[in-house]
1. Tabulate in residue order the Karplus-calculated ³J(HN,Hα) for the stretch 80-88, using 6.51 cos²θ - 1.76 cosθ + 1.60 with θ = phi - 60°, rounded to whole Hz; enter x for Gly and Pro.
2. Mind sorting PHE159, PHE98 by how few other Cβ atoms lie within 10 Å of their own Cβ, fewest first?
3. Give me TRP164, TRP61 ranked fewest to most by other Cβ atoms within 10 Å of their Cβ, as a rough exposure proxy.
4. Return the sequence-ordered ³J(HN,Hα) values of the stretch 127-133 in whole Hz as given by the Karplus equation 6.51 cos²θ - 1.76 cosθ + 1.60 applied to θ = phi - 60°, using x for Gly and Pro.
Amino acid sequence: MKCILLLDNKMSMGRASQRGWNFSLMCTGVILALPVVLSRWVRKSQARRSAPGSVNAGAAWVVGLTQALAILPGISRSGSTISVGLLCGLDRETAGRFAFLLSIPIILGAALHQVLTTTGHLGVAPGASLAGFLASAVTGYVALRIVMHLVRTGGLALFAPYCWLIGTLALIFG
């Protein structure tokens, strides 16, 4: 966790590097497209897995390491972990569920870090904080349902061209 906090400080300073963000966004597009491009290999990998719905230690390790890439601006944490889960042989449902399960500790840790470092500087009434929390919870739940539907139907790769286009346009005009 300490390593991530140190990297977060470096990444925050590096966010000014628009060019790096653009390349990272294009890399996200590649990561999202890989399971489709390598679909024959992915099917063979899924066939070798022991039980449907299970995650072996090797896949868990690789997907967990992939999550660390999301500290780079422009890299989608959920998109990259789901795609790499698919490449590791997880079925779509398991890859999506595992990716979102993995997000819980990192999101809670980041939230705790923000609360501890901004205490006294917020100036937000408790009622407004509660309303914001509830709105965030509802929209987060809806977004999660939509993303899981896209994962189940194989539509996550549809975001790859978007990432390439936005990254390229930002490189050209940014």
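Laboratory data are not the source of any read-out in this text; all were calculated from the coordinates shown. Given the structure is predicted, the values throughout are model-derived calculations rather than measurements. Virtual Cβ from ideal backbone geometry, glycine too; neighbours counted across all protein chains shown.
1. With the stated coefficients, the stretch 80-88 comes to 6, 5, 5, 4, 5, x, 5, 5, 7 Hz.
2. Fewest-to-most Cβ neighbours within 10 Å comes out as PHE159, PHE98.
3. Result, fewest neighbours first: TRP61, TRP164.
4. Once rounded to whole Hz, the list reads x, 5, 5, 5, 4, x, 4.
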